[in-house]
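We did not get these values from a lab; they are worked out from the coordinates using the rules stated. The structure presented is a predicted model; accordingly, all values stated were derived computationally and were not measured. Note that each Cβ is placed from the backbone with ideal geometry, even for glycine, and that neighbours are counted across all protein chains shown.
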Amino acid sequence: MKSTALTLFLAQALSAPFTDAFTPVSLYQRSSVVVSPVDGSHVASYGSYSSSSFELNMSIGSGFADDEDEDDEDEDDEDDDDLDDDELVSSRYSGAKSPFTGLKLDPWDPNPLIKPRPSRYFKEEQEIVPDDQLEQTMSAEERKENLAVMRQIRKSDLPDLRMRKDHAGWVEANNDLKRRYARDPWFGVNERLREAVLLGEPDDKIEYLRELAAKMGGPPEGIDVGAKGYAVHTEIYDIGISATRAAGLLEREIRQERAARGRAMMAERRKNLEKAQQQYEEDMRFPGLREDKEAKERRERTMRRLMGEIEEDNKKKRERAKELLGKLPETPESRTKAMEKALQEARDEVKKARRELLGKAPADDTAETTGAASKSGSSAAKAREAAAAEAAGGRPRLPGDDDVTRGEIDSDVEPSSSATTGPLLVEVSSVYNKEQSDPPMRKHCFQYTIRITNNSPTDTIQLLGRRFEIQTVGSSMKDVVQGEGVTGRTPVLKPGETFEYTSTAPLSVRPIGTTIIAARMSGEYRYVTLEEGQETASDEQIKAGGESTAELATFHFIFPEDQRVKPFRANEGDEEEDEEDDDDDEPAAPSTKKATAVSRPASSPSAAPASTLPGDEDMKTGDVATPYKDNSEVVSEDVKVSVTSSYRPERSDSALDKHCFAYNIRITNESKQAIQLVSRRFEIQTVGSANKDVVQGPGVTGRQPILKPGESFEYTSTAPLSVKPMLDKTPVVARMQGEYNFVILGDDGSTPLSSSPLQAKLGMFHFILPAMAG
């Protein structure tokens, strides 16, 4: 009974699921029948291996007395089983080779070679179609629809199937995507082109692939390859940047920013170390210097703070005084200014007392004014006008006359005038005071005499005040001079009496070539008519300033002959004058009908006489070598000179070989400093002539303009030529070139920095007859 129970226990134990884990290899492929030692019946064993079983023999009643013998027998059995297993394994793997390398497989290798799973790097082998057999079989509409389906699968279907863990559906959709990708051969060519560009393949191969891609119809509608010529994965499937990619880019930018900040901090640290080293070296060379400098800076900061506090306290006091008194008290700003004011008042009182003792009055109506020498609107002119206003003691100023500003006077130029207003006749005459003038310093002094006559047969008149307006040539403003009385007095004129006085007008002005005047002056005198028995005007009449005015008619201060700038005209004998021309620089060229040249015009004091130079051979023969150009533009010494020419038929007479041309020149200052044009020099050669005529003189159109940086000066002149054209050879009748001399001015806009002028070139151009210009 015991034996039967033990046998059943062993059978159940062997049939349990965990027996497989403890079954030796030597028991595999054994008989699955166990013979019961009790009754000799067969007991079936259940294991996890359907084709494997084992047998276990035990003797009943033997117990464990003979354990050692049984252990020895078991070891022998295990050795036999191991041999059987080796035979089994060697028979199973005998002759097996790797399908990739062809080498014999090692059954004991823990990392046997396996076939890699298809991926981006291990792609499935596909049939490669030769390039000459590639053909686009889809229409443009089909390709567009195919691309739309591919994008739908890639962007929506595959992610959705993956989320639902539908592996079979995902594989089917992915295979559909691959089939659609292969249907359009352009995708394959695009991939090859992308790899060729990224790998740096030769240009001829890249160009070949581009042509092949174009042969496949180019990209489907909806894909933009751009300038690179190919489309990437995200462009094909229209996939935006992922969150991971965006986070990576952001992290990269943060790292770059941190690196840049670190480099800046290191640079700042090096700079601080260098500064500290320099400071240390300076302290070693000059002990105590840094401490003195820091102490000085501290004292200055302290003084600025204290002065600011004092100024703030004074401001509060003034505001408080204004609240209490209703106005600011007339207190000096400082003790020094108060002392200077007191001394000046004392001086004035002493002068006044002395003059009263001598029976004279101070001549305080001297017309002191200053003008601007440069053209209106320039910075130098504004500076001079501001200085003039300050020198004039804050006198008011009025807008000036345009003709005086331009230097082209519209009215009659007279050094005297006479005007009758009511009972008073006011006459004035002016002369140049050479003794008190200094032309090199632009100081010109004029003296004027005014005579006031009372023509009334009965009324007695007293002059109470005057008011003058003076405008220097070139200035855009008038200086207003006004005051009480005349020469410090208020003269009384009885019927028939005359009052006459002389005064001076020191002017800061420069002569210009377009006019002979230095300034224009006009004004008026205020007076009252005294009642019968009244000896002088009452306080109310004086306070009112007078009840009537007498006009001082306009007159001019005129430069003497030796101080004028005369415009240089090379062809003064020409009777024809053009109102738009400032001067004719070109002399009449020699006529080809005569063997001798036409005589040169007489020289003037302001210009050098015209001369001649050997001419160009091509102009002499008429075979002009240079291109025909009626214009030119040259930049030299930071000054650009542009010129254009045109034919003037109304001033020409081809029957007499008289041809007139107009040329327009524009000079632009492209430098960073103001310049002043001082002279010009032109070379002109007519066709058929062996010589060049040289015309030179001071200024430009009688002026010496000042050009600030960026400003231009433009003028038009004429060239009347006496020449016989060689129409059978060339339409050119003359050639011209030259230069302008200029000086660079200082920061004040008027003082030359050097006495040696620079040259701005006038490029070569031609005077061309329009009949043959085409």
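Overview of values
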{"quantity": "Extension reserve of the Asp403-Ile128 stretch, reckoned as 0.36 nm per residue once the Cα distance is removed", "calculated": "89.8 nm"}
{"quantity": "The range 415-563: relative contact order as a whole-number percent, Cα under 8 Å and 6+ apart", "calculated": "31"}
{"quantity": "Where labels lie 7 Å past Cα in the beta-carbon direction, separation of Lys293 and Lys144 in nm", "calculated": "7.6"}
{"quantity": "Semi-axis lengths (Å, descending) of the ellipsoid that matches the C-alpha gyration tensor of the range 405-531", "calculated": "31, 15, 13"}
{"quantity": "Estimated distance in nm for a label pair at Asp638 and Lys271, the labels positioned 7 Å out from Cα along Cα-to-Cβ", "calculated": "3.1"}
{"quantity": "Förster radius 30 Å - calculated FRET efficiency between Leu158 and Glu195, Cβ distance, rounded to 0.05", "calculated": "0.80"}
{"quantity": "Using a Förster distance of 35 Å, the FRET efficiency for Asp539-Lys317 (Cβ separation, nearest 0.05)", "calculated": "0.40"}
{"quantity": "Per DSSP, loop trypsin sites (Lys or Arg not before Pro) in the range 151-254 with at most 12 further Cβ within 10 Å", "calculated": "Arg164, Lys165"}
{"quantity": "The range 628-705 versus the range 237-251: alpha-carbon centroid distance in Å", "calculated": "68"}
{"quantity": "The range 638-774 - convex hull of alpha carbons, volume per residue in Å³", "calculated": "115"}
{"quantity": "Stretchable slack from Ala655 to Trp108, in nm (0.36 nm times residue separation minus alpha-carbon distance)", "calculated": "184.8 nm"}
{"quantity": "Cα centroid separation, the range 262-329 to the range 447-475 (Å)", "calculated": "59"}
{"quantity": "Sorted peptide list for 470-481, 743-754, 339-350, criterion being average Cβ within 10 angstrom, highest first", "calculated": "470-481, 743-754, 339-350"}
{"quantity": "Euclidean distance between Cα centres, the range 715-745 to the range 187-236, Å", "calculated": "62"}
{"quantity": "Per-pair calculated FRET efficiency, R0 = 51 Å: Asp562 and Lys352 via Cβ, rounded to 0.05", "calculated": "0.80"}
{"quantity": "Cross-link table Lys205/Lys228; Lys629/Lys708; Lys708/Lys761, entries beyond 21 Å C-alpha to C-alpha", "calculated": "Lys629/Lys708"}
{"quantity": "For the range 140-244, alpha-carbon Rg and Dmax in angstrom", "calculated": "15.2, 48"}
